Structure formats: structure tokens, C-alpha cells
Amino acid sequence: ETREVVVPVTENADSSKAQNSNYTPAYDTCKAYWLDMSQMGDYTFNGEFLVITFKVNEDTPDGNYPVSISMTDIASWDLVKYEPDKINGEVAINTDVSSQAEMSSSDFTLKINSVAAKQGDVATVTMDLANNPGFCGFVIDIEYDSNAMTIVNAKAGKDFDAAVNVVK
């Protein structure tokens with residue numbers, strides 16, 4: 001039996017932060033959600049969880065563009081809600097990628113891995129998961145600057161896919 005991960009894009013306009021005086025960001029949200037109750041239990045895996053591919057706009061100014069976990073709702077079969085530690089990432093356009101915290105060796109953690117790119121590039125950002133307590137459903141909002149880049153694909157990561165046989 002296969003299950004599907006659905007990742008539609010929703011808008012959340014917020015242009016209060018500008019990279020420079022000539023640039024106005026527009027923050028949108030990519031919502032990833034999944035639920036599988038077929039095994040009447042939780043899925044436990046670690047590693048690559050979600051993959052989002054962005055196309056960097058040709059007119060995006062050089063700089064660091066956050067890709068952030070803005071909301072999580074992750075629950076177990078027994079209705080335990082988990083609040084993971086979150087490590088946000090970025091797409092660094094023609095600049096150095098900022099340093100990121102390491103994932104905890106013991107706490108449930110979601111981490112968006114930062115990447116470097118140039119204008120016009122396709123940038124693939126992965127979200128990793130560590131110390132997964134086991135869950136059967138989630139909703140995760142990922143915020144990004146849609147004036148700087150456009151989502152061209154979003155899918156299950158290889159370790160999530162292997163654990164649950166996600167339909168692509």
C-alpha cells in the first residue's frame with residue numbers, strides 16, 4: 001500500500017523586512033502534510049525527511065534568503081503532539097552560507113540544510129530529521145521569500161520515502 005505526501009503552496013504576504021532599500025521580500029509558505037493510520041502505529045526513521053527545489057529568480061539581489069520552519073504539528077498514533085527543535089536554513093545567493101547549529105544527539109530535531117546558489121540556479125534544500133520519537137501524521141509550514149525564488153518541486157526525502165512508501 002502506498003501513501004501520498006501533499007505539499008501545496010499557500011501565500012502569507014509579509015514584506016516588512018527588506019534585504020536592501022531597493023528590494024522588498026514577500027514571504028510565502030509551503031505547507032507539507034501527511035497522515036497514515038493504516039498500520040495503526042507510528043513510523044520511526046531518521047535522515048532526509050523533505051526536499052524542496054527552488055528556482056532562484058534572475059533578478060534576485062545577492063544575499064542570504066531564509067528558508068524557515070514556521071509551524072509544526074506532528075503527532076503520534078497515541079495522540080502525543082511533538083514539538084521538535086528547529087534549525088532553519090537559507091539559500092545564499094552569491095555569498096557565503098551562514099553557519100548552522102548541529103542537530104542534537106538526543107532531542108527530536110528538524111533541520112533545513114542551507115545551500116549556495118546563483119541567480120537563475122535551481123537550489124535543492126533538504127530537511128533532515130533526527131531522534132524521531134515516531135509519528136503517524138504531520139503538518140509543517142516552511143516559509144521562504146517568493147520574490148527571490150519560486151518552488152518548482154517539493155517531495156518526500158529518501159529516508160521518509162523508504163520508511164512509508166510515499167507515492168510521488
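No value in this document is a laboratory result; all are computed from the given coordinates. As the structure is a prediction and not an experimental result, all values here were calculated from the model. When we count neighbours, we look across all protein chains shown, and the Cβ atoms used for this are built from the backbone with ideal geometry, even at glycine.
Report the per residue volume, in Å³, of the convex hull enclosing the C-alpha atoms of region 96-168.
123
So how far apart, in nm, are the two label points at D78 and D62 if each is 7 Å from Cα heading toward Cβ?
Using points 7 Å along Cα→Cβ, the separation is 5.4 nm.
What ranking of M149, M71, M40 emerges when the number of other C-beta atoms within 10 Å of each C-beta is taken as an exposure proxy, fewest first?
M40, M71, M149
Please compute the net charge surrounding I69, taking Lys and Arg as +1 and Asp and Glu as -1 over other residues with Cβ under 12 Å from its Cβ.
That sum, taken over residues with Cβ under 12 Å, equals -3.
Given K31/K118; K31/K111; K81/K158; K31/K81; K86/K155; K55/K86, which pairs have Cα atoms separated by over 22 Å?
K31/K118; K81/K158; K55/K86
As an exercise, find the ratio Rg/Rh for the chain from alpha-carbon atoms, using the Kirkwood inverse-distance average for Rh.
0.99
Can you give the calculated 222 nm mean residue ellipticity of the chain, where each DSSP H run of n ≥ 4 adds -39,500 (n - 2.57) and the sum is split over every residue, rounded to the nearest 500 deg cm²/dmol?
-1000 deg cm²/dmol
In whole angstrom, and with the biggest value first, how far do the Cα coordinates of region 69-136 range along each principal axis?
46, 23, 15
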